[in-house]
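The values are calculated or read from the model by the stated rules, or taken from the named source; none is laboratory data. Just so it is clear, the structure is predicted and the values come from calculations on it, not from any experiment. Virtual Cβ from ideal backbone geometry, glycine too; neighbours counted across all protein chains shown. SASA here: full protein model, heavy atoms, side chains in, ligands and nucleic acids out. Shrake-Rupley method; radii C 1.70, N 1.55, O 1.52, S 1.80 Å.
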Amino acid sequence: MFERLLDSLLGRFARLSQRVLVWHAWPFIPALAIVLGHRVNLRRHNLINTETAELGDERPEGFDIIGWRTADGSYNDLAEPRMGASGVRFGRNVAIRETYPPSATELMEPSPRLVSEKLLKRHEFVPVPHLNILAAGWIQFMVHDWLSHGPNDPDADPHEIPLPQGDDWPGGKMTARRTMPDQETSDADVNRPPTYRNTETSWWDGSQIYGSTEERLRYIRTANLKGQPKTAEIALDNGMLPLDKKAKRDGQELAGVNGNWWTGLSVLHTLFAREHNAIVARLRIDHGDESEDWLFHKARLVNAALMAKIHTVEWTPALMDSPEGRMAMRGNYWGLMGETVFNAFGRLSESEVVSGIPGSAQDHHGAPYAMTEEFSAVYRLHSLMPDQFQFRSHSDNTLLREVGLVDVAGPGARALYDEVNFDDVLYSLGTEHPGALVLNNFPEALRKLDKKVESNLFIDLAAVDILRDRERGVPRYAAFRESIGATRPETFADITDDQSWQAALKEVYGTVDKVDLLVGTLAEAKSKNQPPRFGFSDTAFRIFILMASRRLKSDRFFADDFRPEIYTEAGFRWVAENGFADVVRRHCPELADAMSDTRNPFFPWQIAGT
């Protein structure tokens with residue numbers, strides 16, 4: 001009763017307050033209340049189910065569905081076993097009626113390539129001085145856990161993207177394969193918008209490390225064992241990821257998900273593969289009589305929870321580095337009572353507002369849990385990537401190698417370790433800066449990306465990002481803001497205060513209603529809607545506060561089953577007592593000094609010798 005009343009009051013206050021001022025313009029206490037109120041309203045109105053058929057119920061043989069996670073994400077919710085599993089549909093954060101894709105003509109108006117050239121193309125690298133590149137790597141590491149549309153459709157006629165006059169694109173023609181359509185539709189889907197399926201599990205379960213199929217999980221465990229029985233550890237090669245013998249390109253490192261690979265992903269995957277094995281070693285002390293499978297799956301449970309905690313209380317507050325942003329996201333985990341009280345006394349209330357989401361009651365808020373198309377859209381953060389990297393010695397900051405983004409992508413990530421050791425690579429990513437999420441800061445390396453190995457073509461990823469949102473029925477910026485309860489812009493000045501950006505938007509789009517979601521969120525960087533010291537826009541933030549909470553609240557292993565009886569006493573303490581800096585210090589102890597004066601490990605580390 002108390003929680004329902006509190007939610008009602010917070011939701012009403014959020015609606016009324018934004019008629020006066022945007023949330024971050026209020027003093028701290030009302031601003032925090034407004035953020036919580038926005039979450040209440042979004043939960044009520046912006047969690048939309050796209051499934052039209054009953055999900056299957058196939059129980060895995062010989063599997064402890066109560067005590068650990070399945071490979072494909074099934075049986076997280078015991079009442080609806082296929083919810084959130086790999087292969088289910090993406091949900092929506094806007095009403096179904098708003099998700100019909102545009103006509104073939106509207107799909108290309110204005111040309112995605114024109115948008116890329118005029119509004120996204122990087123002219124000069126704009127960094128974020130208070131973040132390090134690990135922050136950019138981390139979010140891709142997380143997204144690979146949550147979602148993928150899988151390979152594009154090789155059989156359908158590709159999209160042909162119109163080229164602006166004078167464009168020198170190779171061959172004079174730009175094409176992009178269509179998103180793979182849903183292969184499991186029924187009569188109930190007639191006259192409804194197209195749907196798409198998530199090839200990864202939607203849960204926060206470390207599937208980027210472990211895979212989303214039993215076959216991939218088994219491969220991760222046995223890749224280097226040469227026919228020996230699988231152990232509880234992840235197979236490593238002298239502490240490094242083994243090579244993926246099934247990959248299309250030689251030299252590609254092995255992971256549960258290893259597409260769009262680069263050095264940042266290589267480092268994080270290596271760290272958390274090592275962390276899995278460290279957790280196994282700790283569990284063996286108390287549970288040496290348990291099976292290798294039991295130890296493996298308990299370690300996975302702990303490792304995934306630790307990553308979720310790091311994202312919630314370290315990465316997200318680093319990107320939203322205002323008092324309200326830090327309190328809102330850390331409050332997701334520990335509640336308004338805070339970390340110190342939680343660690344000393346545990347939960348003081350069933351309320352997630354008071355004592356945080358982990359350990360509270362599971363709740364899907366009226367819609368089956370799933371990743372959403374709109375969440376995927378606002379997580380298009382490619383501008384975080386620099387075009388150039390300097391790798392330096394962690395002992396004295398001596399320059400060891402300077403390379404471009406393409407040189408550390410794919411097999412280049414593994415090849416880099418032949419010249420720069422792992423600790424130096426990690427140190428370098430911890431001391432350099434990512435790009436800002438603003439207009440005209442999309443890395444040039446990704447605007448002419450060689451995809452010949454996969455599909456015999458180059459792509460402009462900036463243009464493709466624009467195309468994908470349109471193709472998948474994601475509303476454009478103005479309609480999107482209205483659909484999530486935010487103020488709808490009526491003029492270009494409502495999107496950004498920067499007059500040169502206003503002129504550029506008008507030149508490309510003509511009218512406000514045509515501005516693409518990605519472009520609008522980047523243009524907000526210079527507007528009254530951009531919260532101070534936020535790495536991304538208020539529009540994206542609204543979806544973040546909804547879905548970041550949902551990833552915890554809907555997941556049994558973070559809700560009702562977030563307890564020592566499931567995680568083990570040692571595993572539960574491991575999650576409580578560790579963060580990202582602890583992971584780095586455990587596996588790269590020589591880097592401890594570099595992080596010693598850093599409040600958040602996603603802020604720049606100390607330069608050696610300074």
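Give the Cα extents of region 438-549 along the principal axes, in whole Å, largest first.
44, 37, 29
Between ASP157 and LEU399, what is the label-point separation in nm under the 7 Å Cα-to-beta-carbon projection?
Distance between the two pseudo-spin positions: 5.1 nm.
Okay, helix-only estimate at 222 nm for the chain: each DSSP H run of n ≥ 4 adds -39500 (n - 2.57), divide by all residues, round to 500 deg cm²/dmol; what do you get? Working shown, then result.
Details: 25 runs with 239 residues, N = 610.
So the calculated ellipticity at 222 nm is -11500 deg cm²/dmol.
Can you pull the accessible area of GLU569 for me, 1.4 Å probe, Å² to the nearest 10?
That residue has around 110 Å² of solvent-accessible surface.
Which of the lysines could a cross-linker bridge to LYS121, judged by Cα under 16 Å and excluding same-chain residues fewer than eight apart?
By straight Cα distance, LYS121 reaches LYS448.
With a Förster radius of 35 Å, plug the Cβ-Cβ distance of GLN183 and LYS448 into 1/(1 + (r/R0)^6) and report the FRET value to the nearest 0.05. Intermediate results must be reported in sequence, preceding the final value.
Values: r = 32 Å, r/R0 = 0.91.
Efficiency, from the Cβ-Cβ distance: 0.65.
Return one quarter of the surface area of the convex hull spanned by the alpha-carbon atoms of region 490-567, equal to its mean projected area, in nm².
Values: hull surface 27.8 nm².
Spelled out: convex hull of the Cα atoms, projected over all directions, averaged, 6.9 nm².
Please list LYS506, LYS230 from largest to smallest accessible area, probe radius 1.4 Å, with all protein chains kept in place.
On the way: LYS506 125, LYS230 75 Å².
Final ranking, largest accessible area leading: LYS506, LYS230.
Would you mind checking the radius of gyration and Dmax of region 464-610 based on alpha-carbon positions, in Å?
21.5, 61
Once you place label points 7 Å from the Cα toward the Cβ at THR175 and PHE125, how far apart are they in nm?
Label-label distance for THR175 and PHE125, simple model: 3.5 nm.
For ASP250 and THR52, compute 0.36 nm times the residue count separating them, minus their Cα-Cα distance, and round to one decimal in nm.
Numbers: separation 198, 0.36 × 198 = 71.28 nm, distance 4.19 nm.
Once the chain is fully extended between ASP250 and THR52, it gains 67.1 nm.
Based solely on C-alpha atoms, express the radius of gyration and the Dmax of region 1-130 in angstrom.
That works out to 22.0, 58 Å for Rg and Dmax.
Beyond 50 Å, what percent of the Cα pairs of the chain remain?
Values: 9740 of 185745 pairs.
Here the long-distance tail beyond 50 Å is 5 percent of all Cα pairs in the chain.
Report the local net charge at SER186: Lys and Arg +1, Asp and Glu -1, summed over other residues whose C-beta lies under 15 Å from its C-beta.
Working: positive: ARG89, ARG192, ARG197; negative: GLU51, GLU54, ASP182, GLU184, ASP187, ASP189.
Neighbour charge sum, excluding SER186 itself: -3.
Taking only C-alpha pairs under 8 Å that are 6+ residues apart, what is the relative contact order of region 258-388 in percent?
Details: 77 pairs, mean separation 16.9, N = 131.
That works out to 13 percent.
What order do GLU374, GLU402, GLU290 take when sorted by accessible area (1.4 Å probe), most exposed first? Intermediate results must be reported in sequence, preceding the final value.
On the way: GLU374 0, GLU402 100, GLU290 70 Å².
Output order, biggest surface exposure first: GLU402, GLU290, GLU374.
Can you give the charge dipole size of the chain about its Cα centre, rounded to the nearest 20 debye, using +1 on the beta carbon of Lys and Arg and -1 on the beta carbon of Asp and Glu? Don't jump to the answer; show the numbers that get you there.
On the way: 69 positive and 87 negative charges, 193 e Å.
Roughly 920 debye, rounded to the nearest 20.
Just how large is the dipole of region 499-610 about the Cα centre, in debye to the nearest 20, putting +1 at every Lys and Arg Cβ and -1 at every Asp and Glu Cβ? Don't skip to the answer; put the middle values down first.
On the way: 15 positive and 15 negative charges, 77 e Å.
The calculated dipole for region 499-610 is roughly 360 debye.
Using a 1.4 Å probe, how large is the accessible area of TRP262, given in Å² and rounded to the nearest 10?
Probe radius 1.4 Å; accessible area of TRP262 about 10 Å².
Just grab the label-to-label distance for ARG284 and LYS230, each label 7 Å out from Cα along the Cβ direction, in nm (one decimal).
1.8 nm
Once the piece of chain linking ARG97 and ASP560 is laid out straight, how much longer is it, given 0.36 nm per residue of separation minus the C-alpha distance between them? The partial results should precede the final answer.
On the way: separation 463, 0.36 × 463 = 166.68 nm, distance 3.45 nm.
Gain in length upon complete extension: 163.2 nm.
Normalised by the number of residues in region 107-174, what is the relative contact order in percent for Cα pairs under 8 Å and 6+ residues apart?
On the way: 24 pairs, mean separation 34.2, N = 68.
Relative contact order comes out at 50 percent.
If R0 is 25 Å, what FRET efficiency do you get for THR598 and GLN390 from their C-beta distance, rounded to 0.05? Please report the intermediate quantities before stating the final value.
On the way: r = 19 Å, r/R0 = 0.76.
Efficiency, from the Cβ-Cβ distance: 0.85.
At 1.4 Å probe size, put HIS297, HIS24 in order of accessible surface, largest to smallest.
Values: HIS297 10, HIS24 35 Å².
Descending accessible area places them as HIS24, HIS297.
What relative contact order, as a whole-number percentage, does the chain give when Cα pairs under 8 Å and 6 or more residues apart are counted? Numbers along the way, then the final one.
Values: 1088 pairs, mean separation 124.7, N = 610.
The value is 20 percent.
Provide the gained length on full extension for the span THR105 to ASN191, in nm with one decimal, where the gain is 0.36 nm per separating residue minus the Cα-Cα distance. Each step should come with its number before you reach the end.
Details: separation 86, 0.36 × 86 = 30.96 nm, distance 2.00 nm.
Full-extension gain reported as 29.0 nm.
What aspartates and glutamates does LYS514 reach when the alpha-carbon gap must be under 16 Å and sequence neighbours fewer than 8 apart in one chain are set aside?
GLU98, GLU106, GLU109, ASP465, ASP469, GLU471, GLU482, GLU490, ASP494, GLU524
Note down the net charge around PRO129, summing +1 for each Lys or Arg and -1 for each Asp or Glu among other residues with Cβ under 14 Å from its Cβ.
Values: positive: ARG533; negative: ASP321, GLU432.
Summing Lys/Arg as +1 and Asp/Glu as -1 gives -1.
Report ³J(HN,Hα) in whole Hz for each residue of region 318-334, in order, from the Karplus equation J = 6.51 cos²θ - 1.76 cosθ + 1.60 where θ = phi - 60°; Gly and Pro get x.
Values, residue by residue: 5, 6, 10, 8, 10, x, 5, x, 5, 5, 5, 7, 5, x, 4, 8, 10 Hz.
For ARG401, list long-range residues whose amide hydrogen, built 1.01 Å from N in the peptide plane, is under 5 Å from its own amide hydrogen.
PHE391
Accessible area of region 246-331 with a 1.4 Å probe: how many percent of it is carbon plus sulfur?
On the way: 1100 of 2350 Å².
With neighbouring chains kept in place, the figure for region 246-331 is 47 percent.
Per the Debye formula with a single identical scatterer at each Cα and no solvent contribution, what log10 I(q)/I(0) holds for region 326-439 at q = 0.11, 0.17, 0.22 Å⁻¹?
Values returned for q = 0.11, 0.17, 0.22 Å⁻¹ are -0.69, -0.89, -1.08.
With every protein chain left in place, what is the accessible area of HIS433 in Å² (1.4 Å probe, nearest 10)?
Using a 1.4 Å probe on the heavy atoms, I get roughly 70 Å².
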